[in-house]
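Following: one structure in structure tokens, then a few remarks.
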Number of protein chains: 2
Amino acid sequence: MPNPTAAMLVIGDEILSGRTRDSNMHFLAGELTKRGIRLAEVRVVPDDSEAIVAAVRALSKAYDSVFTSGGIGPTHDDITADCIAAAFGVTIGVHPEARDRLAAFAEARGNELNEARLRMARIPDGATLIDNPISAAPGFTIGNVHVMAGVPTVFEAMVAGVLPTLVGGAPLLSQSLTIHRPEGEVAGPLGKLATEYSDLSIGSYPFSREGIFGTNIVIRGTEPGRVDAAMSDLAELFPEAVR
Amino acid sequence: MPNPTAAMLVIGDEILSGRTRDSNMHFLAGELTKRGIRLAEVRVVPDDSEAIVAAVRALSKAYDSVFTSGGIGPTHDDITADCIAAAFGVTIGVHPEARDRLAAFAEARGNELNEARLRMARIPDGATLIDNPISAAPGFTIGNVHVMAGVPTVFEAMVAGVLPTLVGGAPLLSQSLTIHRPEGEVAGPLGKLATEYSDLSIGSYPFSREGIFGTNIVIRGTEPGRVDAAMSDLAELFPEAVR
């Protein structure tokens, strides 16, 4: 059975302007790979309704699941929940359970559940909540789309809550080899190996350290025997390499 | 005149598997913003012909310019140049000038210009070369698409070569204010300000440091007078804030 596929949609002007360096993509990529889910595409779009709705629709249709980050806070530029509702053609309103969680969180801190904070309880019809153990305001799942916060600590906590609900695949195994030769010398034999093991993903990543050019080879697959066999053949081709 | 738009296409299994943390997106975002070019979308796709061709076509059509990173090395998984040729419906072959540069670079290091290295001289018909001052193998520009290496030092050097050839826009100015109040308390007044200054982009970014919740507000625009005016109004709303 092929591994399930996923896509990520990063929402936020601050990433595209260079103000903020996104870290959620790298985190999610690692978590999905561990569970045998193949992250097949990532898109980054600005805080713009048309762009968000179009991307959600395209990704939701093309992949088994979609993870979004960003744009679910209390301010005027937080438009993700409305865009998701629009993408699914459903209405949106204050979710009683979400409101209760926000009210309890505000009360415990002596804060008022004002209009801005209440915006964070607006959830598209038919969605289920994703817990936010950090700052209460929930994410939500609708169809195959999981909508989460952009703040990394909150995003990571939400991902931890969602992952156990997903169907994973055979774990993607990975072995790597470091060859202290430039990629241009490794490429020929490696290409032949890749043809022979076309069921595996064999990646080649050049590096240079202190003027020495080298190449890291990463072999990925779901069948342990095949990954082992390819790695043995590779190690024979480059006996001086370091596992 | 509206600012020119750009998109980025990051190509590589290693980013989507979580093995490698991309840094080129953040670098390019900052450089484009400085020149008044609005990075409007980023996509990350695997080393897969169909995905690359589809993304190049979509982005090239939708934005003024497109920057790609990754997949132009000597190994079997480096398929970007062929995909770009396919996307533009042109043939691809060894470019004499590119071959000369690779030959000179190899000779200076006592290396052989073997078949794998020669692959890096394959350039789509009608493309112009982008210099690679680090490791010789050039990038190239075809139509509105700039094709560059994924290795960050090489990517950055190539971007430095391409940027002066682009038409920039009015510089995007940015001013920020740090308010030591949670976003839920800032949101109301901020929303009114954003409506009043709808020609500007006003972003709100919550943070928490040592248990204290605060909010950074970033005001962006191209007219200095407007950005100044909005920032003055904002500072009046939150007199305790720090510029």
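The values are calculated or read from the model by the stated rules, or taken from the named source; none is laboratory data. These numbers were taken from a predicted model, which means no experiment stands behind them. Positions of Cβ are backbone-derived with ideal geometry, glycine not excepted, and every protein chain shown enters the neighbour counts. In case anyone asks, the SASA skips ligands and DNA or RNA and just uses the protein heavy atoms, side chains included. Shrake-Rupley method; radii C 1.70, N 1.55, O 1.52, S 1.80 Å.
Obtain the nm distance between the two label points defined at A:T91 and B:D228 by a simple spin-label model: each point lies 7 Å from its Cα along the Cα-to-C-beta direction.
With each label placed 7 Å out from Cα toward Cβ, I get 4.9 nm.
Can you tell me what share of the DSSP beta bridges in the protein assembly as shown is antiparallel? A percent to the nearest 5 is fine.
Restricted to the protein assembly as shown, the bridges split so that about 65 percent are antiparallel.
Which whole number in µm²/s is D for the protein assembly as shown by Stokes-Einstein, with the Kirkwood Rh taken over Cα pairs at 25 °C and 0.890 mPa s?
Using the Kirkwood radius from Cα pairs, D works out to 102 µm²/s.
How big is the gap, in Å, between the Cα center of region B:24-96 and the Cα center of region A:89-118?
Their Cα centres are 43 Å away from one another.
How far, in degrees from 0 to 90, does helix A:183-196 lean away from the longest principal axis of the Cα atoms of chain A, to the nearest 10?
Relative to chain A, helix A:183-196 is tipped by roughly 80 degrees.
Taking the solvent-accessible surface of protein heavy atoms with a 1.4 Å probe, what is the per residue accessible area of region A:37-155 in Å²?
On a per-residue basis, region A:37-155 sits at 41 Å².
Which of the trypsin sites (Lys or Arg not before Pro) found in region A:1-81 are in a DSSP loop and have at most 16 neighbouring Cβ atoms, other than their own, within 10 Å?
Answer in residue order: A:R21.
Under a Cβ-only charge scheme (Lys and Arg +1, Asp and Glu -1), can you give me the dipole magnitude of region A:173-237 about the Cα centre, in debye to the nearest 20?
The calculation lands at about 160 debye.
What is the interface area between chains A and B, defined as buried accessible area summed over both chains with a 1.4 Å probe, reported in Å² to the nearest 100?
4300
According to the square roots a ≥ b ≥ c of the eigenvalues of the Cα gyration tensor, what is the shape class of chain B, taking rounded for a/c under 1.5, prolate for a/b larger than b/c otherwise, and oblate for the remainder?
prolate
If you put a point 7 Å past Cα along the Cβ direction, how far is that point for A:T195 from the same point in each other copy, in nm, smallest first?
Output for A:T195: 6.7 nm, nearest copy listed first.
Does region B:173-213 come out rounded, prolate or oblate by the C-alpha gyration tensor, with a ≥ b ≥ c the root eigenvalues, rounded set by a/c under 1.5 and, if not, prolate when a/b is larger than b/c and oblate if not?
oblate
Residues in region B:85-103 near a label at B:T128, defined as backbone nitrogen under 13 Å from the 7 Å Cα→Cβ point?
No residue passes the distance filter.
Mind putting a number on the dipole of chain B about its Cα centre? Charges go on the C-beta only, +1 for Lys and Arg and -1 for Asp and Glu, and I need it in Debye to the nearest 20.
For chain B, the charge dipole is close to 200 debye.
Hey, if you put +1 on the Cβ of every Lys and Arg and -1 on every Asp and Glu Cβ in region A:173-237, which of A:S204, A:P189, A:A229 ends up farthest toward the positive end of that dipole?
It is A:S204, whose Cα lies furthest towards the positive end.
At A:G126, label 7 Å along Cα→Cβ: distances to the other copies, nm, ascending?
Between copies, matching label points for A:G126 lie 4.5 nm apart.
Under the definition of Cα pairs under 8 Å and six or more residues apart, what whole-number percent is the relative contact order of region B:173-237?
Relative contact order here is 44 percent.
Just give the residues from region A:57-76 buried by at least 20 square angstrom of accessible area in the all-chains context relative to the isolated chain, probe 1.4 Å, and say none if nothing qualifies.
A:P74, A:T75, A:H76
In degrees from 0 to 90, rounded to the nearest 10, what is the angle of the helix A:96-108 Cα long axis to the longest principal axis of chain A?
Computed tilt is about 80 degrees.
Relative to the first principal axis of the alpha-carbon coordinates of chain B, what is the inclination of helix B:24-34, with its axis defined by its Cα atoms, in degrees from 0 to 90 and to the nearest 10?
Long axis of B:24-34 versus the principal axis of chain B: about 60 degrees.
Assuming a ≥ b ≥ c are the square roots of the Cα gyration tensor eigenvalues, decide whether region B:149-243 counts as rounded (a/c under 1.5), prolate (otherwise, with a/b larger than b/c) or oblate.
Oblate, since a/c reaches 1.5 and b/c is not below a/b.
Name all residues of region A:145-160 having a backbone nitrogen under 16 Å from the label point set 7 Å from the Cα of B:S176 along its Cα→Cβ direction, giving them as ranges.
The answer is A:151-152, whose backbone nitrogens lie closer than 16 Å to the label point.
Shortest first, in nm, what separates the label point of B:I212 from those of the same position in the other copies (7 Å along Cα→Cβ)?
4.8
Name the longest site-free stretch of chain B, where the excluded sites are GluC sites (Glu not before Pro) in a DSSP loop with no more than 16 other beta-carbon atoms within 10 Å.
Excluding the exposed sites themselves, the longest stretch runs over B:1-111.
Assigning unit charges at the beta carbon (Lys, Arg +1; Asp, Glu -1) and nothing else, what dipole magnitude in debye, to the nearest 20, does the protein assembly as shown show about its Cα centre?
Using only the charged Cβ atoms, the result is roughly 60 debye.
Pop a pseudo-label 7 angstrom from the Cα along the beta-carbon direction at both B:S23 and A:E196 and give the gap in nm to one decimal.
Result: 3.6 nm between the two label points.
Nearest-to-axis residue of chain A, judged by Cβ, for the A-to-B rotation, with distance in whole Å?
Residue of A nearest the axis onto B, distance in Å: A:R43, 3.
Using Cα-Cα distances under 8 Å and only pairs 6 or more residues apart, what relative contact order does chain A have, in percent?
17
Taking every DSSP beta bridge with both residues inside chain B, roughly what % is antiparallel (nearest 5)?
60
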